[in-house]
1. Within region 293-333, track down each residue that is of a type in the set (A, V, I, L, M, F, W, C) and over 15 Å from residue 270 (Cα atoms).
2. Consider residue 116 carefully, then state whether it is hydroxyl-bearing (Ser, Thr, Tyr) and crowded, with 21+ Cβ neighbours inside 10 Å.
3. Residue pairs, Cβ under 6 Å, 6 or more apart or interchain, first in region 385-406 and within 16 Å of ligand 2 (Cβ to nearest atom), second outside any helix (DSSP H, G or I) and among the small types (Gly, Ala, Ser). List them.
4. Identify, please: which residue in region 9-64 is part of a loop (DSSP other than H, G, I, E, B) and touching a strand residue (DSSP E or B) at 6+ places or on another chain (Cβ under 8 Å) and is, among those, surrounded by the most Cβ atoms within 10 Å (Cβ to Cβ)?
5. Could we say that residue 281 is modelled with pLDDT of 95 or more and surrounded by fewer than 19 Cβ atoms within 10 Å (Cβ to Cβ) here?
6. Just to verify a result, which residue in region 32-81, among those that are under 15 Å from residue 151 (Cα atoms) and polar (S, T, N, Q), is modelled with the lowest pLDDT?
7. Go through region 95-112 and report how many residues are modelled with pLDDT of 95 or more and either part of a strand (DSSP E or B) or under 14 Å from residue 59 (Cα atoms) (or both).
8. Suppose the filter is more than 15 Å from residue 218 (Cβ to Cβ) and not charged (D, E, K, R); does residue 439 pass it?
Amino acid sequence: MTVDYSSSLQSIFSAIALHSNESDVEKKVIAPILQLFGYDSCDWEAQAIVGKSKLDFLVLPPSSVIPYAPYLVIEAKAPNKNLNRNVWQINDYMRKTAAFLGLLTNGYEFCILYNYEQKPKVILDYTQDDFIKNFSLLNKLLCKQTCLSIYKSSYQNELNFRSKFLEKISKLFNDKDIEKQVINATAKNESSTQEKKEQQAMIITIFNNKGGVGKTTTTINLAAALNKLGKRILLVDIDAQANLTTGLGIDPLEDIEEQGKKDITHLLTNPRVQLEDVVIRKQWDDVELDIVPSHIRLSYMDNELSNTLDIDRVLDKKLKKHLGQYNYVLIDPPPSFGKVNTIALMASSAVFIPTQLTPYPVRALEYVMNRAIAVDQSRDEGLQILGVAVSMYDRASRKNTTNMTQKISEIIAKKPETKDVKLFPPNTWIPRLTIVANAADDSKGYPLCYAEFDKTLKANEKEAAQDAFNCYMELAKHLISITTTKME
Ligand SMILES: Nc1ncnc2c1ncn2[C@@H]1O[C@H](COP(=O)(O)OP(=O)(O)OP(=O)(O)O)[C@@H](O)[C@H]1O
Ligand SMILES: [Mg+2]
């Protein structure tokens, strides 16, 4: 549908007269026309300082692509000023800013310039009538949508240029890894397509019936670290507390229910709802995760779950259809041995047990492993215990660490079924740091690696986040090393 802008433009132009001043032209003509082109006031900077000059309007690209040149600079003049005598000024501004386009206007005449090789040239010279008549064409050239698509392709070109440059650097140093280290996405794509052919996702429940040992926090950050290492990840929140969902910035009410979207409860109880109907994809810089969100109503659905046909296998069956899409599916269950825990374990081929190095969580490990053994023995596929990971590690208490690791070894050695289970190496232990808890806070809701983009954090908080995330990266590498042979 084409919109007729002529009446809006006529009313804009009627707001000025020949005796109006420059400021009238800026406020009554230029700003409303920019709005007609689809810009908001935050898209332009008025009276922008460039060098020693003050530009009337600078239409800027989105901040993420700065330092690109402005799309459009505008110089306003009073209606009684002759534009021909002021072309030098817009030329100067366009050269200084390298803007793509320039507009010089006194509200009655409109001079549009294009900047090629820093040599701006007038491409259109319009009266008010021409402006109204040709507005739909002008709109195509100057509107926000065009501005954004121009920046997108400039950005793409620059990316190509940068990747070619990087290739040259790699060749110069005869080191292929230089390229991979920098262009994570390329490494991701390569491994993704290769693995896609070879591999099915491994489904792992982050399992411990003890509450508050760091299951959810580990799941979130381990997932981000695995994705940084090129792995495609699906996260399944099967806990009514929905901490994983909110910890990744998704509000189960506002973002799911009120939008008419579906969550884990629909996936479990409605045979027609499939994985693709519930998955939400989220991105934080170069990290991309697929998430099945949870909802508090899961806590009062025991009856419904018990009445659902073959409920223990529902998740298993629905996940299995999509195993080719992911490398790892991580399930975050609640702290209990209830129904949903059984559903999670029945869908998994392995468990990963996070614990704190403190007496109660360590004591609970025996029950946790017994439960895993029971599930392992109750079905054909088996359930592997990948190992015990340490979270909220207190770096200061060495003596306690020795005691607790000793206890864990004793628990592991107790049963023949668990004697090969290993405590993960100390470089993978996650320290107890306030920033780890804060990142998954409802108000932030991002994996720790994204803390570097959080403008509200101080430098020392960003350092702490990096410190903790490095441990998650070690944990991810360790997980890959112990699971890769199994998956191949
Ligand atoms: N490394 C850490 N440093 C500091 N705080 C942490 C760390 N890991 C987790 N926490 C905090 O400890 C609390 C429990 O963590 P989390 O929710 O991950 O445990 P959980 O085992 O999933 O709990 P639940 O059993 O209730 O599901 C949370 O407040 C979390 O923010
Ligand atoms: Mg949890």
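The values are calculated or read from the model by the stated rules, or taken from the named source; none is laboratory data. Here the structure is a predicted model, which means the values were calculated and not measured. A quick note on method: Cβ atoms are made from the backbone with ideal geometry, for glycine too, and the neighbour counts reach across all protein chains shown.
1. Once the filter is applied, which keeps residues that are of a type in the set (A, V, I, L, M, F, W, C) and over 15 Å from residue 270 (Cα atoms), region 293-333 yields 296, 323, 329, 330, 331.
2. So residue 116 does not fit the description; no.
3. Note: pairs meeting the criteria are 391/214; 392/214.
4. 60
5. When the stated conditions are applied, residue 281 passes them.
6. 64
7. Qualifying residue count for the region: 9.
8. no
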